[in-house]
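Trainee: One structure, pasted below without further comment.
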Amino acid sequence: MVRLKFKENDIYALEIKNINEKYDGRYIIIIKCTLSEWSNRENNSLFRFKITKDKKMPKLEELDDLEYIITYFQHELEKYFPGEGVPFEELRKKRDKFKIYPDEYGYLYTCISEIYFYNKNVPKDLIYIGNKKLKLPKHEYIPFTEYGYKYQANNWENIVENLIQKYEDFNLRKSEWLNEEAAEKVKNRCLRDIRDTIECDNLCNYLKEKGILDKLFEDEEEIEDSLTYVGGEDE
């Protein structure tokens, strides 16, 4: 197993093998990246990926011309999730200030990806190209919080197969979700989740006004205090 300490803007190439004639011999380009507004823990495991046009190993100065692989999509209404512990209307006003770029189906696309255990199952045939700050993906949607929706993998196992599938689905527009009927279903699910959130906010406000919410927490504390400790004595 290869163990690497990835630095921001480190760039590696990984040859595509045993996929099919269309892709074998081309390269996945692996780019270590960070987001300043996210935590160090999260930033340790963030990457973006590109794919070469042919079987030629690219030079560092050629990388900006390569296509980023889109690794995740979501409906524009999902920008309201996850919340930040504030009422939905307050959250909505805050997030509506940001410019987003949905497609004809109302979808937003993300290239930022997370490899949880980024030092586990690292491919042995990684080729280091260099360290360079590349141009960012155009109109990429970045979740408002590090807990937002994005492509996530436990480790590097099957990463090439997964990325090729993402490329086919989103870059080449072959996903079964890229049609009006599917998009309408996703939109309706989001609207339902939003309605549930607003109803929950309204219920909490009602309980606060009636003094019931505080009473619930008081009861909870009383139950906790009634527990009997059964451990041994401190030495």
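Trainee: Under a point spin-label approximation (7 Å from Cα along Cα-to-Cβ), what is the residue 135-residue 17 distance to one decimal in nm?
Mentor: Result for the modelled spin labels: 3.3 nm.
Trainee: Going by alpha carbons, how many degrees (0 to 90, nearest 10) lie between the helix axis of 180-209 and the longest principal axis of the chain?
Mentor: 30
Trainee: Compute the FRET efficiency between residue 179 and residue 100 as 1/(1 + (r/R0)^6), taking r as their Cβ-Cβ distance and R0 = 25 Å, and round to the nearest 0.05.
Mentor: According to the calculation, E is roughly 0.75.
Trainee: Something else: Summarise the accessible area of the stretch 13-116 (1.4 Å probe, protein heavy atoms) by the percent that is carbon and sulfur.
Mentor: Values: 2420 of 5090 Å².
Its accessible area is 48 percent carbon and sulfur atoms.
Trainee: If the viscosity is 0.692 mPa s and the temperature 37 °C, what translational diffusion coefficient in µm²/s does Stokes-Einstein give for the chain when Rh comes from Kirkwood over Cα pairs? Let's see the in-between values first.
Mentor: On the way: Rh = 20.9 Å.
Using the Kirkwood radius from Cα pairs, D works out to 157 µm²/s.
Trainee: So, with +1 on the Cβ of K and R and -1 on the Cβ of D and E, and no other charges, what is the size of the charge dipole of the stretch 23-146 about its Cα centre, to the nearest 20 debye?
Mentor: Dipole size: approximately 440 debye.
Trainee: If you count, for each residue, the other Cβ atoms within 10 Å and average over each peptide, how do 161-167, 115-121 line up from highest to lowest?
Mentor: 161-167, 115-121
Trainee: Cross-link list 79/135; 17/132; 50/150; 17/124: which exceed 21 angstrom alpha carbon to alpha carbon?
Mentor: Beyond 21 Å: 79/135; 17/132.
Trainee: Per residue, how much accessible surface does the stretch 1-140 expose to a 1.4 Å probe? Answer in Å², no decimals.
Mentor: 56
Trainee: Still on this structure: Multiply the residue separation of residue 191 and residue 41 by 0.36 nm, subtract the distance between their alpha-carbon atoms, and state the gained length in nm to one decimal. Please report the intermediate quantities before stating the final value.
Mentor: Numbers: separation 150, 0.36 × 150 = 54.00 nm, distance 3.21 nm.
Between residue 191 and residue 41, full extension yields 50.8 nm more.
The values are calculated or read from the model by the stated rules, or taken from the named source; none is laboratory data. This one's a predicted model, so the numbers in the text were calculated from it and none came from an experiment. Using ideal geometry, Cβ is built from the backbone for each residue, glycine included, and neighbour counts are taken over all protein chains shown. In case anyone asks, the SASA skips ligands and DNA or RNA and just uses the protein heavy atoms, side chains included. Shrake-Rupley method; radii C 1.70, N 1.55, O 1.52, S 1.80 Å.
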